[in-house]
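K.L.:
If you scroll down you'll find the structure; I have some questions about it.
The values are calculated or read from the model by the stated rules, or taken from the named source; none is laboratory data. These numbers were taken from a predicted model, which means no experiment stands behind them. Please note: Cβ atoms are built from the backbone with ideal geometry, for glycine as well, and neighbour counts cover all protein chains shown. In case anyone asks, the SASA skips ligands and DNA or RNA and just uses the protein heavy atoms, side chains included. Shrake-Rupley method; radii C 1.70, N 1.55, O 1.52, S 1.80 Å.
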Protein chains: 2
Amino acid sequence: MTEYPLDGTGAVPAAEIAAAWDRELPGVPTSSIGVITPLWRVAKALADERRRTLRRLGIDPATLDLLSTLRRAGEPWTLTTRELAERCLVTAGAISQRVARAEREGLVTRSPSTASRRAVSVMLTDRGHEVVRRAVRGLLAHEETLVANLAPGERRVLGELLEKLGEGVRGGGGRDVPLEPPARSRP
Amino acid sequence: MTEYPLDGTGAVPAAEIAAAWDRELPGVPTSSIGVITPLWRVAKALADERRRTLRRLGIDPATLDLLSTLRRAGEPWTLTTRELAERCLVTAGAISQRVARAEREGLVTRSPSTASRRAVSVMLTDRGHEVVRRAVRGLLAHEETLVANLAPGERRVLGELLEKLGEGVRGGGGRDVPLEPPARSRP
DNA sequence: AGGTCTATGTTTAGACCTAAACATACAGGA
DNA sequence: TCCTGTATGTTTAGGTCTAAACATAGACCT
């Protein structure tokens, strides 16, 4: 049997989740659920769609993120691994692995940077250019249809609210995680 | 050196990304970027925060998702693996692995369902109850502070727009991924 | 009864990520 | 010059997920 994560059918509405916690664990603050739950579901649905779309286009999301970051950088389509880690928002270790995979497939080359001997320059190959061009065109065309549900004004508002939420999250919110003394039995 | 994904500092603004594609690959539709890029960044920032918070609370996100889904189900805190897969939105294979790990740690038990011989019932243990109680309290308290940046009205609007976007995404958008014939050289 | 289709779980291979340990390369001061 | 601290990359261990192959168990039809 081929598996697939069940679509929305089985997803419990966020409001029900909040109500369930309020019932099962009275006193917990549940107001974040109405935002965070739908956000994660959309993010997952988008990630699933993107994975499927890119699969048809012959590439995986992590590799495309790498290649498109190089492509967007403009001539000479070269960045150090440090710059890549910053722009892709993943650890240097993850970049190291992504680059190793892409290099194996002939999509990028790795060479000591001219500027510093400890830096490594990653450059898009001709084959990498071709792959990223095809994939980005196909992907953006598809994702355009995914957001078509929202009117331009709604998209703008959504984008702005997400940016604002992001500031709060990256700020780390209040620095608290109220810890309780470990207990033994169920209340 | 301890690694960490760089915070927002290195993140290129979504508008710049769209402008870069418009310049580098003229003609591609870029209007989805203003929504999808901030959405993914917030989702990642939230996932990172949650991972760190739960680490302090002694549990990982996947296991808490499993335990809290059982806890929210109410008495007798038991679901089949199928129901778990539907509610957690991951494949049955992933649930199988999550349950195996949680069982190893004594947080749940696995037993043949009374209703059907092919189904498997997963039940929260007393230890599982205690762990989920502590973790959910700590997590929701923390996440409450993460969304504090948004006024109640903004949260409501954001939640609604996300739900609406979700419908479009799960619908799969238009069924198109315009494929081009593979080419050889860079344009 | 027998055959076929579907539902439910488990296992495995392959990707991917983070966190932490290493390994260098510099830079700046004593 | 030597030492120490910091910046840059790579490697490895452990965890997580999907996709696909298996293995049963029921259901339904003839």
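K.L.:
Run B:GLY74 past the list (1) in the same structural domain as B:THR125 (by TED's automatic domain parsing); (2) out of contact with any strand residue (DSSP E or B) (no Cβ under 9 Å at 6 or more places or on another chain); (3) surrounded by 15 or more Cβ atoms within 10 Å (Cβ to Cβ) and report the number of the one that doesn't hold.
P.N.:
It fails just one condition, (3).
For every residue, the table says whether it meets (1) under 21 Å from the mean Cα position of the chain (by Cα); (2) at the interface with chain B (Cβ under 7 Å from one of its Cβ atoms); (3) under 18 Å from B:ALA18 (Cα atoms).
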| residue | (1), (2), (3) |
| --- | --- |
| A:ALA94 | yes, no, no |
| A:ARG104 | no, no, no |
| A:THR109 | no, no, no |
| A:SER113 | no, no, no |
| A:SER121 | no, no, no |
| A:GLY159 | yes, yes, yes |
| A:GLU163 | yes, yes, yes |
| A:ARG170 | yes, yes, no |
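K.L.:
Among residues belonging to region B:91-137 that are free of Cβ contacts under 8 Å to residues at least 24 places away in the same chain and among the β-branched types (Val, Ile, Thr), point out the one that is surrounded by the most Cβ atoms within 10 Å (Cβ to Cβ).
P.N.:
Ranking the candidates gives B:THR125 first.
K.L.:
Got at least one residue in region B:71-87 being of a type in the set (A, V, I, L, M, F, W, C), part of a helix (DSSP H, G or I) and more than 9 Å from DNA strand C (Cβ to nearest atom)? I'd like the intermediate steps shown before the answer.
P.N.:
Pass one, region B:71-87, residues of a type in the set (A, V, I, L, M, F, W, C): B:73, B:77, B:79, B:84-85.
Narrowing further to those that are part of a helix (DSSP H, G or I): B:84-85.
This time we only want the ones that are more than 9 Å from DNA strand C (Cβ to nearest atom), so: none.
For region B:71-87, residues of a type in the set (A, V, I, L, M, F, W, C), part of a helix (DSSP H, G or I) and more than 9 Å from DNA strand C (Cβ to nearest atom): absent.
K.L.:
If only one of A:LEU84, A:LEU140, A:LEU146 is within 16 Å of DNA strand D (Cβ to nearest atom) and either open to solvent by less than 10 Å² (accessible area, probe 1.4 Å) or within 12 Å of another protein chain (Cβ to nearest Cβ) (or both), which one is it?
P.N.:
Numbers: A:LEU140 fails: within 16 Å of DNA strand D (Cβ to nearest atom); A:LEU146 fails: within 16 Å of DNA strand D (Cβ to nearest atom).
Of the residues listed, the single one that is within 16 Å of DNA strand D (Cβ to nearest atom) and either open to solvent by less than 10 Å² (accessible area, probe 1.4 Å) or within 12 Å of another protein chain (Cβ to nearest Cβ) (or both) is A:LEU84.
K.L.:
Still on this structure: Looking for something more than 14 Å from DNA strand D (Cβ to nearest atom) and either β-branched (Val, Ile, Thr) or more than 10 Å from chain A (Cβ to nearest Cβ) (or both) - is there at least one such residue anywhere in region B:43-51?
P.N.:
no
K.L.:
Out of curiosity, is A:PRO38 in a helix (DSSP H, G or I), of a type outside the set (S, T, N, Q), more than 9 Å from DNA strand D (Cβ to nearest atom) and in contact (Cβ under 8 Å) with a residue 12 or more places away in the chain? Let's see the steps before the verdict.
P.N.:
Numbers: in a helix (DSSP H, G or I): yes; of a type outside the set (S, T, N, Q): yes; more than 9 Å from DNA strand D (Cβ to nearest atom): yes; in contact (Cβ under 8 Å) with a residue 12 or more places away in the chain: yes.
Answer is yes for this residue.
K.L.:
Right, something else. Does B:GLY138 fit the bill of being part of a helix (DSSP H, G or I) and within 12 Å of DNA strand C (Cβ to nearest atom)?
P.N.:
Taking the combined requirement at face value, the residue does not satisfy it.
Table: residues versus (1) out of contact with any Lys or Arg (no Cβ under 9 Å at 6 or more places or on another chain); (2) among the β-branched types (Val, Ile, Thr).
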position	(1), (2)
A:ALA92	no, no
A:SER96	yes, no
A:THR109	yes, yes
A:SER116	yes, no
A:ALA119	no, no
A:VAL122	no, yes
A:THR125	yes, yes
A:GLY128	no, no
A:GLY138	no, no
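K.L.:
When you go through A:VAL131, A:VAL122, A:VAL90 one by one, which is the residue that is near DNA strand D (Cβ under 9 Å from one of its atoms) and aliphatic (A, V, I, L, M)?
P.N.:
Working: A:VAL131 fails: near DNA strand D (Cβ under 9 Å from one of its atoms); A:VAL90 fails: near DNA strand D (Cβ under 9 Å from one of its atoms).
Of A:VAL131, A:VAL122, A:VAL90, the one residue that is near DNA strand D (Cβ under 9 Å from one of its atoms) and aliphatic (A, V, I, L, M) is A:VAL122.
K.L.:
Would you check which residues across region A:54-90 are of a type in the set (S, T, N, Q) and in contact (Cβ under 8 Å) with a residue 24 or more places away in the chain and list them? Quick ask: steps written out before the conclusion?
P.N.:
Within region A:54-90, the first condition is being of a type in the set (S, T, N, Q), and the residues that meet it are A:63, A:68-69, A:78, A:80-81.
Correct list: A:THR63, A:SER68, A:THR78, A:THR80, A:THR81.
K.L.:
Can we say B:THR114 is polar (S, T, N, Q), assigned by TED's automatic domain parsing to the domain that holds B:PRO76 and at pLDDT 90 or above? Walk me through it before giving the result.
P.N.:
Details: polar (S, T, N, Q): yes; assigned by TED's automatic domain parsing to the domain that holds B:PRO76: yes; at pLDDT 90 or above: no.
Considered against the rule, which asks whether it is polar (S, T, N, Q), assigned by TED's automatic domain parsing to the domain that holds B:PRO76 and at pLDDT 90 or above, B:THR114 comes out as no.
K.L.:
Here is a further query. In region B:50-63, how many residues are open to solvent by 10 Å² or more (accessible area, probe 1.4 Å) and part of a helix (DSSP H, G or I)?
P.N.:
7
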